[in-house]
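The values are calculated or read from the model by the stated rules, or taken from the named source; none is laboratory data. Just so it is clear, the model here is predicted, and its values are computed rather than measured. Note that each Cβ is placed from the backbone with ideal geometry, even for glycine, and that neighbours are counted across all protein chains shown. Ligands, DNA and RNA are excluded from the accessible area calculation, which covers all protein heavy atoms including side chains. Shrake-Rupley method; radii C 1.70, N 1.55, O 1.52, S 1.80 Å.
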Amino acid sequence: MTIEEAREVRGRVGAYESCGTVDGPGLRFIVFFQGCPMRCLYCHNPESWDFSAGEEVTAGEVFGEIRKYKNFMRTSGGGVTFSGGEPLSRPRFLEALLTLCKEEGIHTVVDTSGFTQLTDTVKRIVELTDLFLLDVKCVNANMHQIITGETNSKTFAFAELLAEWGKPVILRYVFVPQLNDRVHLMRKLAKWAVDLGNIEKVELLPFHKMGEWKWKKHGLPYRLSETRVPEPEEIEHFADIFRKYGLTVE
């Protein structure tokens with residue numbers, strides 16, 4: 001894809017965030033892609049699911065917004081994070097934006113569940129991206145289906161592709177009491193992560209209900225209303241499981 005072609009590729013964006021600090025290193029400009037194939041029970045952005053919502057824009061227009069923050073990114077060691085929704089659900093649009101960022105020397109992060117087909121476009125995305133934030137919902141196939149409505153086989157296949165290419169990955173895991181917080185699941189995930197060989201660190205994210213009001217706003221049934229928020233000592237206990245496998249945890 002040439003720079004001229006990349007600028008004209010169209011996609012849909014739900015929102016932007018400037019100066020983000022939790023989705024990759026340094027200060028980051030975050031582009032939230034519109035549309036997601038999963039229906040995670042704990043999703044705090046259900047408004048991002050609809051592929052027809054958001055604003056239709058060209059990659060060139062989005063990059064125009066990104067460039068405004070280029071100096072802040074570089075001085076802080078930051079860059080751009082493409083999140084969602086699910087950015088891999090719009091692979092050509094994502095490839096176009098990554099191409100434009102690469103041309104300008106801007107550090108890129110893709111925040112994804114890995115739920116995608118391993119097409120040539122996706123492989124080019126992997127090549128162009130500097131760092132991946134990989135959101136793994138559960139290693140157990142049945143529980144993953146309950147949590148997201150989809151299989152986890154695509155996530156594992158994508159993770160293995162990243163490992164083959166030696167791409168750095170930050171593994172993210174939202175643990176929800178009575179769903180995916182079982183010790184044996186944590187151990188299985190930790191071993192899998194170690195075997196991949198390219199996991200820089202693990203981010204354990206305790207379940208919260210800050211997005212519950214959005215479900216109600218959109219008339220969606222929120223099934224986790226009675227689910228409790230994990231205690232600090234539980235967080236530390238689960239973190240120790242990953243540390244025992246030699247993984248860095250935050």
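Any residue at all in region 41-59 that is touching an Asp or Glu at 6+ places or on another chain (Cβ under 8 Å), at pLDDT 90 or above and aromatic (Phe, Trp, Tyr)?
No; the residues of region 41-59 include none that is touching an Asp or Glu at 6+ places or on another chain (Cβ under 8 Å), at pLDDT 90 or above and aromatic (Phe, Trp, Tyr).
Report whether or not residue 1 is open to solvent by 10 Å² or more (accessible area, probe 1.4 Å), touching a helix residue (DSSP H, G or I) at 6+ places or on another chain (Cβ under 7 Å), part of a loop (DSSP other than H, G, I, E, B) and not β-branched (Val, Ile, Thr).
It is true that residue 1 is open to solvent by 10 Å² or more (accessible area, probe 1.4 Å), touching a helix residue (DSSP H, G or I) at 6+ places or on another chain (Cβ under 7 Å), part of a loop (DSSP other than H, G, I, E, B) and not β-branched (Val, Ile, Thr).
Name every residue in region 79-107 that is in contact with a Cys (Cβ under 7 Å, 6 or more places away or on another chain), open to solvent by less than 10 Å² (accessible area, probe 1.4 Å) and more than 15 Å from residue 28 (Cβ to Cβ), in order of residue number.
Hit for region 79-107 is 86, nothing else.
Limited to region 213-240, what total is found for residues that are open to solvent by less than 30 Å² (accessible area, probe 1.4 Å) and of a type outside the set (Ser, Thr, Tyr)?
So the answer is 5.
With the requirement that a residue be crowded, with 22+ Cβ neighbours inside 10 Å and of a type in the set (Lys, Arg), what does region 108-167 give you?
Listed by number, the list holds a single entry, 137.
Sort through 182, 243, 172 and tell me the only one that's surrounded by 12 or more Cβ atoms within 10 Å (Cβ to Cβ), within 26 Å of residue 80 (Cα to Cα) and out of contact with any Lys or Arg (no Cβ under 9 Å at 6 or more places or on another chain).
172
Please state which of the following conditions residue 139 fails to meet, knowing it meets all the rest: (1) of a type outside the set (Phe, Trp, Tyr); (2) over 21 Å from residue 23 (Cα atoms); (3) out of contact with any Phe, Trp or Tyr (no Cβ under 7 Å at 6 or more places or on another chain).
Here residue 139 meets the rest and fails (3).
Which fully enclosed helices (runs of 4 or more DSSP H) of region 149-250 have 2 or more residues being in contact (Cβ under 8 Å) with a residue 12 or more places away in the chain and under 30 Å from residue 117 (Cβ atoms)?
153-164, 183-196, 212-217
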